[in-house]
Amino acid sequence: MSTAYDTIEFRPSALRVLQARYLRKDTAGNPAETPDEMFRRVAGAVAAAEAGYGASPEEQRRWEDAFYRSMCSLEFLPNSPTLMNAGTELPQLSACFVLPVEDSMEGIFDAVKHTAIIHKSGGGTGFSFSRVRPKNDRVKSTHGVSSGPVSFMAVFDAATETVRQGGKRRGANMAMLRVDHPDILEFIDAKTSSRRLNNFNLSVALTDSFMDAVANDASFDLVNPRSGEATGSLRARAVFQSIVDRSWRNGEPGVVFIDRMNRDNPTPALGKIESTNPCGEQPLLPYESCNLGSLNLSRFAAGSFGAATVDEPRLRTAVALAVRFLDDVIDVNHYPLPEIDRLTRTNRKIGLGVMGFADLLVSMGIPYDSPRAVAVAEDIMELVNLAAVEASQELARQRGPFPAFEQSAYAARKLPARRNATVTTVAPTGSISIIAGTSSGVEPLFALAYQRRVLDGDTLTEVHPRFEEVARREGFYSEALIERIARTGHIADDAEVPERWRAVFQTAHEVSPEGHVRIQAAFQRHTENAVSKTVNLARDAAPDDVERVFRLAFELGCKGVTVYRDGSREAQVLSAGPAVDETRELRVPIARPETLEGRTVRMTTGCGNLYVTTNEGERGPLELFAHIGKAGGCATSLTEAIGRLVSLALRSGVDPFAVARQLRGVRCPFPSWNRGHRVLSCADAIGQVLEDGLTASPVSSEATAPGGRAERLAGTCAECGSVLEFEGGCVVCRACGFTRC
């Protein structure tokens, strides 16, 4: 048996993520295994499947060692549930599930129950609400009317908020609605409020006929899914523009091209693709799941830095081993529902993808936004996909094809039998790329330096190791340079850095929108499932830029696309740009005007009725009062103190959205419900009232100056307080590994 990989060097951020989320814990909550022992645990649990195919104990140990080495070398990592749960008392190893939502109260609440079970086991769920009859449609059994799909989405959202995934992963959902559903306009606007559907990603399922109507400026029919009858029509360009505008404003909804997904559905006899997993890269049939894994491309660079090539023979070998690993996961997996168990084993879908693409380009000396990068992307994914198909065909010869093979599109085309209905998927890899110490998925580098907070309130800066290596080697490294990068994240305009390296170390917001899409399309051409990616847009991008992205993604063969424009979500101001200058003058609160107008809101909390009064000046709220219970009580004194501090912050010019976001999410032992919204504590209630009263977010020039750190981030991590970023269709904290994907 091979020796332990004790010499493997993890970055500090990787160790934090492993200790917080992946290593087994003792009863006191302390790590009870090392990273090496985690890899051994996973390898042993997965290799146990080999015995079911006639492997001797010695052969099983050889496969265990091979799996172990591939993970310890950080050449390959499976999805998070496999790392967390393999070999434990909760051996649910899949990340992606799709559940059906039927057009009945029983079917809807069965789906809610199944969602809670899946989230508890560590998976994410996707749904299509397209079967649910539209709002105000008749309900024969009750002689009433339907409330429509968007109203039921709120029920799923509340259930997700309540159930944390095994204590390790936050619940995540994808909601889709066909563009021809009568409630499509309500769906497009469903997340205009930051208080709604925060556990959902939204995507509109666009059909080919709709895209044709957009191109021809024609109308299209809205179809009631209950009756199959047209209920009206809309102008396609107007609806398309609504999607564009909403996505420009806050990043949602994204779009998927549902007909394209179904053309690539390998088992149409078993059903249609209706939805995907939460980040959009894994189309699945209802009650189907898929387990994912990613190859770390940066580990396959050969030759001198800046002029490296891809070690293709070693990459092919790694692909074959990864396919075997993922196929074995299907057999040792414990599925949360019997329906999922049956269909997953019938199709045996796996999703092998890549991470570290941007780091590979850096090693090769190739800018991300370049024709050479597009060519490299296509060549690499073609190699990975062909090698994965060949490995699946070899497994079919050894173990037999997936049970539905004879009903599949492959059999219809008389292609060789294969073990898995699909083999490749490009996932976001938010947390596992941190463990691997590499860039996420096929995204560009997001920043060259990260600042993280530590317990004493100080910040530590982590610099991209390759950039630091180059800077020291070529003599342009300095602490002042690192401080500048930590503030902005990039070196695009830094004259101290040679032009060649400024081009090579290109970050996400230096890449053109078309450049993002062309890279995604290059990977999609050789990916059987789909590619998860975020097209990051500059703060000053116009809605026309979003429209160009959507149209180009459709033209180039992508299966979906998500955009995120900097600053388009009010929470982003919490990312706080440059570090605080110790010489900065302290702010003095403005004097309270003699007369202010405001409103008082009653909120139901676990401690009783809370009354919150906000008073406004010319530029927004200036003071807040909160009262609960009788004078002299502990709750009363605390809410009074919160009101005083909030008023002080508001009169000192602090962005009220930032104040509200600090209060939102604070929990107490007695949460409650208020008018259909969860109230976690009195502080959370005060934050909700303040946020609801805001109609605009006055953003400080410092936090959002062009090139500033806030311009590149997506808010503050709820768990560690560090910055969040959008990548690969989800939100991730690279300091602690928190993710909403």
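The values are calculated or read from the model by the stated rules, or taken from the named source; none is laboratory data. Computed from a prediction, not measured in an experiment: that's the story for all the values here. Note that we place each Cβ from the backbone using ideal geometry, even for glycine, and neighbour counts take in every protein chain shown. Note: areas computed on protein heavy atoms with side chains; ligands, DNA, RNA excluded. Shrake-Rupley method; radii C 1.70, N 1.55, O 1.52, S 1.80 Å.
With Cα atoms as the point set, segment 454-517 shows a radius of gyration and Dmax of 13.4, 43 Å.
Around ALA471, with a cut-off of 15 angstrom between Cβ atoms, what is the net charge of the other residues, counting Lys and Arg +1 and Asp and Glu -1?
-3
In sequence order, segment 252-268 has phi-based couplings of 9, x, x, 10, 10, 9, 5, 5, 5, 4, 6, 5, 9, 5, x, 10, x Hz under the Karplus curve 6.51 cos²θ - 1.76 cosθ + 1.60, θ = phi - 60°, and Gly or Pro positions carry x.
For the peptides 135-142, 658-665, the ranking by mean Cβ contacts within 10 Å, running from highest to lowest, is 658-665, 135-142. Database remark: amide H of GLY126 closer than 5 angstrom to the amide H of PHE97, VAL98, LEU99, MET174 (H placed geometrically; neighbours at sequence offset of 5 or more, or on other chains; Pro and chain starts carry no H).
Divide the volume of the convex hull around the Cα atoms of segment 406-539 by the residue count and you get 180 Å³ per residue.
Under 5 Å between amide hydrogens, built in the peptide plane, is the criterion, and for MET355 it picks out LEU295, ASN296, LEU297 among residues at least 5 positions away or on other chains. Highest mean packing first, where packing is the average number of other Cβ atoms within 10 Å per residue, the peptides 361-372, 331-342 line up as 361-372, 331-342. When Cα Rg over 2.2 N^0.38 Å is calculated for this entry, the matching label among (i) 0.96; (ii) 1.06; (iii) 1.29 is (i). Spread over its residues, the convex hull of the C-alpha atoms of segment 149-257 is 108 Å³ per residue.
Put the Cα centre of segment 48-121 next to the Cα centre of segment 137-163 and the gap is 31 Å. Legend: residues TRP501, TRP63, TRP673, sorted from most to least accessible area (1.4 Å probe; ligands, DNA and RNA excluded), read TRP673, TRP63, TRP501.
At the listed q of 0.16, 0.17, 0.19 Å⁻¹, the Debye profile of segment 313-463, built from one uniform point per Cα, gives log10 I(q)/I(0) equal to -0.96, -1.02, -1.15.
Per residue, the convex hull spanned by the alpha carbons of segment 45-123 comes to 112 Å³.
Remark: segment 490-503, residue by residue, has Karplus-estimated 3J(HN,Hα) of 9, 10, 3, 10, 8, 5, 6, 9, x, 4, 4, 6, 5, 6 Hz, where x stands for each Gly or Pro and the curve is 6.51 cos²θ - 1.76 cosθ + 1.60 at θ = phi - 60°. Approximating the spin labels as points 7 Å out from Cα along Cα→Cβ, the GLN19-to-ASP208 distance works out to 5.4 nm. Apply 1/(1 + (r/R0)^6) to the Cβ-Cβ distance of THR88 and THR142, taking R0 = 41 Å, and write down the FRET efficiency to the nearest 0.05. Working from the Cβ atoms, E equals 0.35.
Using the Stokes-Einstein relation with a Kirkwood hydrodynamic radius computed over Cα pairs, the translational diffusion coefficient of segment 593-665 at 10 °C and a viscosity of 1.306 mPa s comes to 124 µm²/s.
Each 10 Å bin from zero holds the following percent of Cα-Cα pairs in segment 373-427: 24, 46, 23, 7. Working ranking of peptides 87-100, 389-402 by packing, defined as the average number of other Cβ atoms within 10 Å per residue, highest first, is 87-100, 389-402.
For LEU93, the residues 5 or more places off, or on other chains, whose built amide H falls under 5 Å of its own are HIS334. Our coupling estimate for segment 401-415, obtained by passing each phi through the Karplus curve with A = 6.51, B = -1.76, C = 1.60 and θ = phi - 60°, is x, 4, x, 8, 4, 5, 8, 8, 5, 5, 5, 4, 8, 6, 8 Hz, Gly and Pro reported as x. Need the C-alpha centroid separation for segment 594-644 versus segment 365-408, integer Å. A separation of 59 Å, based on Cα centres. Its relative contact order, with pairs defined as Cα atoms under 8 Å and 6+ residues apart, puts the chain at 12 percent.
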